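Following: one structure in structure tokens, then a few remarks.
The values are calculated or read from the model by the stated rules, or taken from the named source; none is laboratory data. Please read all numbers here as calculations on a predicted model, not as lab measurements. All Cβ positions, even for glycine, are placed from backbone atoms using ideal geometry, and neighbour counts span all protein chains on display.
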Amino acid sequence: MNASQTMAGRQFIAGRRIASGEATLLSLRAVDGEATGHRFYPASREEAALAAEAAQQAFAVYSQTTPQQRAHFLCAIADELDALGEPFFAIAGQETALPLARLQGERARTSGQLRMFADVILRGDTFAARIDTALA
């Protein structure tokens, strides 16, 4: 799935894309303020409530996962970020006016940090108590 397909402008709640409102916001080019053609639907109060409810349910499930499952989840997110190609960079470049190399670097940094956090989880560092006292 590419960025154009995933940027549908709708809320992604509990595995579904929804947009109950009719109002839209336009994505604008950073360099001149012109519309890019991408539209986004602001979340309604009902959608915000649905998202909060879905997050609460997801927390209950996620809190029961093993460290290995959590690490796998973070790596899967990193893999999805790394798979974003030209359409993603085209949209991000239009909206931010950042050069391609900077956008690629930001993506690499983010996916690298997710993998680092996965490694921390797998090492068990998250379970070790640390008391960091102030220096006198």
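What number of residues in region 18-34 are within 17 Å of Ala92 (Cβ to Cβ) and polar (S, T, N, Q)?
Final tally of qualifying residues: 1.
Conditions: (1) at pLDDT 95 or above; (2) touching a strand residue (DSSP E or B) at 6+ places or on another chain (Cβ under 7 Å); (3) of a type in the set (A, V, I, L, M, F, W, C). Ala55 meets all but one. Number of the miss?
Going through (1) at pLDDT 95 or above; (2) touching a strand residue (DSSP E or B) at 6+ places or on another chain (Cβ under 7 Å); (3) of a type in the set (A, V, I, L, M, F, W, C) one by one, Ala55 breaks only (2).
Do we have Pro99 as free of Cβ contacts under 8 Å to residues at least 24 places away in the same chain and either surrounded by 12 or more Cβ atoms within 10 Å (Cβ to Cβ) or not polar (S, T, N, Q) (or both) here?
Judged against the criteria, Pro99 is a match.
Name the single residue that is nearest to Ala54 (Cα to Cα) among those in region 18-41 being loosely packed, with under 10 Cβ neighbours inside 10 Å and modelled with pLDDT of 95 or more.
Looking at residues that are loosely packed, with under 10 Cβ neighbours inside 10 Å and modelled with pLDDT of 95 or more, I get Gly33.
If we keep just the residues of region 43-63 that are surrounded by 11 or more Cβ atoms within 10 Å (Cβ to Cβ) and not in a helix (DSSP H, G or I), which is farthest from the chain's Cα centre (by Cα)?
In this case the residue turns out to be Ser44.
Please determine whether any residue of region 74-84 is surrounded by 13 or more Cβ atoms within 10 Å (Cβ to Cβ) and touching a residue at least 60 places away in the same chain (Cβ under 8 Å).
Looking through region 74-84, at least one residue is surrounded by 13 or more Cβ atoms within 10 Å (Cβ to Cβ) and touching a residue at least 60 places away in the same chain (Cβ under 8 Å).
Which of (1) within 19 Å of the chain's Cα centre (by Cα); (2) surrounded by fewer than 16 Cβ atoms within 10 Å (Cβ to Cβ) does Phe89 not meet, given it meets every other one?
(2)
State all residues of region 51-79 that are closer than 25 Å to Gln104 by Cα and among the aromatic types (Phe, Trp, Tyr); if no residue qualifies, say none.
Phe73
Let's see how each residue does on (1) farther than 23 Å from Ala30 by Cα; (2) acidic (Asp, Glu); (3) modelled with pLDDT of 95 or more:
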position	(1), (2), (3)
Ile77	yes, no, yes
Asp82	yes, yes, yes
Gly85	no, no, no
Gln94	no, no, yes
Pro99	no, no, yes
Arg102	no, no, yes
Ala108	no, no, yes
